[in-house]
Amino acid sequence: MNADLHCHSTVSDGFLTPTEVVHRAVANGVELLALTDHDELGGLGEARQTAEAAGLAFVDGVEVSVTWKLETVHIVGLGVDPADPGLQAGLATVRSGRDERARQMADGLAKAGIHGVLEGARQLAGNPAMVSRAHFARHLVKTGLMPNVQTVFHHYLVRGKPGFVEHEWASLEDAVGWIRDAGGVAVVAHPARCRLSEAELLGLFDRFRDLGGEAIEVVSGAHDAASIDRFARIARRYGFLASRASDFHGAQESPVDLGRAPPLPPDLTPVWTALS
Ligand code: AMP
Ligand code: MN
Ligand code: MN
Ligand code: MN
């Protein structure tokens, strides 16, 4: 099964509209697709309609920004009901902090002599409520400050750098609760990218499982072969379902295209067995 259960559209920080994401997935041979915009459900109606017209099986998804032990962790919800009022209200709260955060990021960059970034980032954002660090990074590449978004993140947008602002996203309890109450399966996204020690990561998995979290991304566009192996072992130990995902944002930025992540290790139980 060519399942791709994590990607982004212009409704958050992807480059393609929901319709374009679906068409690209079909062209790449994807058989089951979830759109998982950051803290947003707004692209799901269009994506589902396009997928149904194209004969592609589609899963309603979301990627919730969470703060765990002062670090950001992303929790994907799969098979959520986009009309669920609790999920909608929760995500609205998470999004509401972004505007002020973006101002503070721009203030920090201005102090470092880089001006006009807020306006530039906003122009690149398809959704004014979802200005992300990715839009800041793309703007700073566009102005010629840095050659690519990775170097912008490294020099300007991570902790300790001028454009970084500490921010409190949703709690793990809330995020898993919203997803489950909306009928979805909660998945820890790209765990190799969590900036947590091994002990902290295991603490996260313990708590996540206690809260009713059921799956982790074993295969992600952000995982190398060693990470796939590491998180396959963790999935076995915890009894987690395994997800497979590109985390595709756009061809110009993403290392792995839609549907092109490696297959899941064959002994793991795929998360899509739990999606109706
Ligand atoms: P935010 O939610 O505003 O903190 O932005 C996070 C987004 O920035 C992620 O979803 C990625 O799309 C992007 N991102 C984070 N770290 C990096 C990085 N090191 N290089 C490129 N993009 C990144
Ligand atoms: Mn992103
Ligand atoms: Mn993420
Ligand atoms: Mn993502």
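The values are calculated or read from the model by the stated rules, or taken from the named source; none is laboratory data. Remember, it's a predicted structure, so these values are computed and weren't measured experimentally. As a convention, Cβ positions derive from the backbone with ideal geometry for all residues, glycine included, and neighbour counts pool all protein chains shown. The area values use the complete protein model at the heavy-atom level, side chains included, leaving out ligands, DNA and RNA. Shrake-Rupley method; radii C 1.70, N 1.55, O 1.52, S 1.80 Å.
Details
- Local electrostatic count, P266, Cβ distance below 13 Å [Lys/Arg +1, Asp/Glu -1]: +1
- Hits among lysines - C-alpha to C-alpha of K111 under 27 Å, sequence gap 8 or more where chains match: K142, K161
- Relative pair counts by distance (%), Cα atoms of the stretch 107-157, 5 Å bins: 5, 24, 33, 27, 11, 1
- Computed as a quarter of the hull surface, the mean projected area of the alpha carbon convex hull for the chain stands at 13.2 nm².
- Extension gain, T273 back to H155 (0.36 nm per residue minus Cα-Cα distance, nm): 38.3 nm
- Evaluated over the stretch 44-162, the Cα radius of gyration and Dmax, each in Å: 17.0, 51
- Accessible area per residue, Å², the chain with all protein chains present, probe 1.4 Å: 42 Å²
- Extension gain, A27 back to H167 (0.36 nm per residue minus Cα-Cα distance, nm): 46.6 nm
- Local electrostatic count, H190, Cβ distance below 11 Å [Lys/Arg +1, Asp/Glu -1]: -2
- Over the Cα atoms of the stretch 151-254, the radius of gyration divided by the Kirkwood radius equals 0.99; this is the Rg/Rh ratio.
- More than 16 Å apart - percent of Cα-Cα pairs taken over the stretch 62-103: 46 percent
- Estimated from helices alone, the mean residue ellipticity of the chain at 222 nm is -11500 deg cm²/dmol (sum of -39500 (n - 2.57) over DSSP H runs with n ≥ 4, per residue).
- Gain on full extension, evaluated as 0.36 nm per residue between D229 and S197 minus their Cα-Cα distance, stands at 9.8 nm.
- What a 1.4 Å probe finds exposed on the stretch 98-157 is 52% carbon and sulfur by accessible area, rounded to a whole percent.
- Column: log10 I(q)/I(0), Debye, Cα scatterers of the stretch 89-216, q = 0.09, 0.12, 0.16 Å⁻¹: -0.33, -0.57, -0.91
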